[in-house]
Ligand SMILES: [Zn+2]
């Protein structure tokens with residue numbers, strides 16, 4: 001009942017009041033977080049968890065307060081780092097750097113570099129901060145290894161030991177299957193089976209780890225053979241980079257008509273059409289003009305940074321105008337395209353249309369060519 005009443009209160013707020021109240025709450029919660037870290041730090045220093053059924057501060061946080069393992073680890077890391085570099089707490093309080101970023105930076109922060117590091121990390125995403133960490137503490141390049149992981153369909157495991165790929169190729173005959181080292185699964189790999197890992201090692205190098213199909217492995221081997229004249233050691237990173245360059249170019253061409261040979265017509269033309277298909281010249285012009293990025297901009301002029309899953313949006317609604325005009329078409333990410341349609345046709349109408357399973361491209365104003 002209490003929760004219900006609270007929800008009603010929020011519903012009664014005007015949108016500007018809702019936003020400003022939320023801003024205040026975010027500010028308050030940061031202050032509370034700092035207080036919490038200070039308290040945890042003192043418990044840690046007094047080792048009070050040992051008076052309780054916990055062997056470590058970590059177990060105490062998880063067992064006593066119900067923190068997730070991630071949250072416990074992050075808070076303990078930060079509270080200990082803050083004893084060396086107290087400015088960490090100020091960074092949390094001000095919201096200058098988010099907690100996840102600070103947790104990543106904590107081991108590398110010193111009294112000497114703190115000002116510089118905070119200035120650089122301010123407002124950055126976790127991924128950008130990972131890159132900053134890689135610059136602060138570069139790691140050596142990992143060896144290239146292709147392993148077989150167990151699957152339900154095929155539980156037998158090749159017992160060939162793991163070999164760095166470069167070495168395997170250097171010692172193997174060109175047609176030998178040893179050009180790809182196949183090894184029993186490593187426990188760390190099995191854990192990441194579902195999720196690809198891209199970890200920055202230095203400013204310009206990244207370690208990739210992912211699980212792929214046998215077909216992918218076979219194609220990689222084929223590409224190594226075909227490219228032996230250009231990539232003599234069959235370097236997987238170099239081959240994947242080439243493959244991705246071809247893929248990106250092709251998809252850009254298919255989806256945004258980028259790089260497609262223009263026909264005689266000028267790109268600024270408009271055409272009345274019964275087809276939702278936007279002519280290539282217009283797609284190309286819009287994609288180039290908008291820089292391959294969502295064009296949604298808020299009232300403060302801050303533009304959406306999304307470059308993935310972009311859609312062409314007819315500003316005036318294609319169903320209304322039946323016209324394709326470069327000036328009246330823009331790139332929007334999926335979320336902002338739906339937001340625009342909600343605003344043009346009303347959220348209730350659009351929600352009903354979406355739940356009815358009406359294919360999105362047939363809806364007015366929502367184009368995903
Ligand atoms: Zn967007």
Picking from 359, 364, the residue that is in contact with a strand residue (DSSP E or B) (Cβ under 9 Å, 6 or more places away or on another chain), away from the ligand (no atom under 16 Å from the Cβ), modelled with pLDDT under 85 and more than 26 Å from residue 19 (Cα to Cα) would be 364
Is segment 143-152 home to any residue that is part of a helix (DSSP H, G or I) and in contact (Cβ under 8 Å) with a residue 24 or more places away in the chain?
-> no
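Residues checked against (1) at pLDDT below 90; (2) surrounded by 15 or more Cβ atoms within 10 Å (Cβ to Cβ); (3) within 27 Å of the chain's Cα centre (by Cα):
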residue: 110; (1), (2), (3): no, no, no
residue: 124; (1), (2), (3): no, yes, yes
residue: 142; (1), (2), (3): yes, no, yes
residue: 145; (1), (2), (3): yes, yes, yes
residue: 180; (1), (2), (3): yes, yes, no
residue: 223; (1), (2), (3): no, yes, no
How many residues, within segment 54-72, are part of a helix (DSSP H, G or I) and closer than 16 Å to residue 36 by Cβ?
-> 10
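If you go through segment 283-293 one residue at a time, do you hit one that is at pLDDT 85 or above, near the ligand (Cβ under 10 Å from one of its atoms) and touching a strand residue (DSSP E or B) at 6+ places or on another chain (Cβ under 9 Å)? Working first, answer last.
Step one: of segment 283-293, the residues at pLDDT 85 or above are 283-293.
Still in the list and also near the ligand (Cβ under 10 Å from one of its atoms): 293.
Now drop any that are not touching a strand residue (DSSP E or B) at 6+ places or on another chain (Cβ under 9 Å), which leaves 293.
Checked segment 283-293: at least one residue is at pLDDT 85 or above, near the ligand (Cβ under 10 Å from one of its atoms) and touching a strand residue (DSSP E or B) at 6+ places or on another chain (Cβ under 9 Å).
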Out of segment 294-315, which residues are buried (at least 21 other Cβ atoms within 10 Å of the Cβ), farther than 19 Å from residue 254 by Cβ and away from the ligand (no atom under 12 Å from the Cβ)?
-> 314
Of the residues in segment 72-97, how many are surrounded by fewer than 19 Cβ atoms within 10 Å (Cβ to Cβ), touching a residue at least 24 places away in the same chain (Cβ under 8 Å) and farther than 29 Å from residue 54 by Cα?
-> 5
Per the filter on segment 17-51, residues surrounded by 12 or more Cβ atoms within 10 Å (Cβ to Cβ) and more than 27 Å from residue 94 (Cβ to Cβ) are 48, 49, 50
What number goes with the only condition from (1) surrounded by 15 or more Cβ atoms within 10 Å (Cβ to Cβ); (2) modelled with pLDDT of 90 or more; (3) away from the ligand (no atom under 16 Å from the Cβ) that residue 258 does not pass?
-> (2)
Enumeration of residues in segment 316-332 that are touching a strand residue (DSSP E or B) at 6+ places or on another chain (Cβ under 6 Å) and either surrounded by 19 or more Cβ atoms within 10 Å (Cβ to Cβ) or assigned to a loop (DSSP other than H, G, I, E, B) (or both) = 322, 324, 329, 330, 331, 332
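The values are calculated or read from the model by the stated rules, or taken from the named source; none is laboratory data. What you see is a predicted model, and the numbers here were worked out from it, not measured in a lab. Note that each Cβ is placed from the backbone with ideal geometry, even for glycine, and that neighbours are counted across all protein chains shown.
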